[in-house]
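Report on the structure given below.
The values are calculated or read from the model by the stated rules, or taken from the named source; none is laboratory data. Small disclaimer: the values here were computed from a predicted structure and weren't measured. Neighbour counts run over all protein chains shown; Cβ positions are idealised from the backbone, glycine included.
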Amino acid sequence: MVPSTTPKPAPPPPVAAASAPQPRHMFVFGAGFVGRYVSERLLAQGWQVSGTCTSAAKKRELEALGMCASVFDATESNLADLQSLQCATHLLVSIPPILGIGDPLLNLNEDLKRTLSHGNVQWLCYLSSTSVYGDCGGALVDEDALDTLVKSNSLSQRQKLRESKQYTARIHVADIYQAILASMSIRCARKIFNVVDDDPAPRAEVFAFARSLIERRYPDLITEPIDVNSTGFDSQVRIIPAKKRVSNARLKQELGVELLHPTYRSGLQSILDSWQAESKLPDRNR
């Protein structure tokens, strides 16, 4: 008699290895003042960061920070040369417009869309300027200001009374960085956020406060009067000021950003303090 054998149970299917999380890789088109500020802080958080600049000297500076940098001219260079763009999970566009051309990346629109469609981009942020709202006569404008202009709504009497005062929107770079981080954490596809402080103010008022800060700490640093109304253009060229107050309500309500510097006073004080910390100016209070 041949003893019977109990069939062995089939081995369980192999467990799929957990896929390693994709490394976060920011690509910055235009690693200038804001782009570099963002890049330095993301690098400190362990991100991979790549970006473009306009000269070999700037490239060396960015590489010293730990970035993968490329010299890039949006009017002449080829996107295919930016190999790290294909690996990016996040994309920050911070290239300023060029006189006579406008946004240089628009010239590469089709190539950019084709490149990104084969890449890994999960998030894209385009930095612009509140100057796109034009002159609103001192009115409070939000992210739907374009709709208001298209509808040709007339200004209220209260708005007309503000026309004698020129308002300018400002924001500290640390708060721009805050807004960028916040926008990564929520789903806000194709939304515009005004990243401005709570206190739009005339240029002359801001310059007067800045001067008072410097004179108080460094009384002999400023020796010549400053014409805050000077534009740098020929006197025959008439500059029409754009008056508007820009609302940051959506920034606070939807992104939950609590401004580090809600007024130009706080922002300017922070800049002056950072100069001292970086030894750009001597501490004459000691």
Members of the stretch 56-85 found to be within 21 Å of the chain's Cα centre (by Cα) and among the β-branched types (Val, Ile, Thr), listed by number:
VAL71
Which numbered condition trips up ALA17, out of (1) crowded, with 17+ Cβ neighbours inside 10 Å; (2) out of contact with any helix residue (DSSP H, G or I) (no Cβ under 6 Å at 6 or more places or on another chain); (3) modelled with pLDDT under 95?
(1)
Subset of the stretch 67-99, residues assigned to a loop (DSSP other than H, G, I, E, B) and buried (at least 17 other Cβ atoms within 10 Å of the Cβ), comes to MET67, PHE72, ALA74, LEU82, ALA88, THR89, SER94, ILE95
How many residues does the stretch 40-60 contain that are in a loop (DSSP other than H, G, I, E, B) and among the aliphatic types (A, V, I, L, M)?
0
Per the filter on the stretch 24-38, residues in a helix (DSSP H, G or I) and in contact with a Phe, Trp or Tyr (Cβ under 9 Å, 6 or more places away or on another chain) are VAL34, GLY35, TYR37, VAL38
So, in the stretch 91-119, how many residues would count as being touching a strand residue (DSSP E or B) at 6+ places or on another chain (Cβ under 8 Å) and not polar (S, T, N, Q)?
7
Of the residues in the stretch 100-114, those that are in contact with a helix residue (DSSP H, G or I) (Cβ under 8 Å, 6 or more places away or on another chain), free of Cβ contacts under 8 Å to residues at least 60 places away in the same chain and surrounded by 13 or more Cβ atoms within 10 Å (Cβ to Cβ) number 3
Note down all Cβ pairs under 9 Å where the first residue falls in the stretch 117-142 and is modelled with pLDDT of 65 or more, the second is of a type in the set (Phe, Trp, Tyr), and they're at least six residues apart or on different chains.
VAL121/PHE27
Does any residue of the stretch 23-36 turn out to be in contact (Cβ under 8 Å) with a residue 40 or more places away in the chain, out of contact with any Pro (no Cβ under 7 Å at 6 or more places or on another chain), under 27 Å from ALA189 (Cβ atoms) and of a type in the set (Lys, Arg)?
yes
Tally time: how many residues in the stretch 185-216 are out of contact with any Lys or Arg (no Cβ under 9 Å at 6 or more places or on another chain) and of a type in the set (A, V, I, L, M)?
7
Within the stretch 171-198, count every residue that is crowded, with 19+ Cβ neighbours inside 10 Å and among the charged types (D, E, K, R).
2
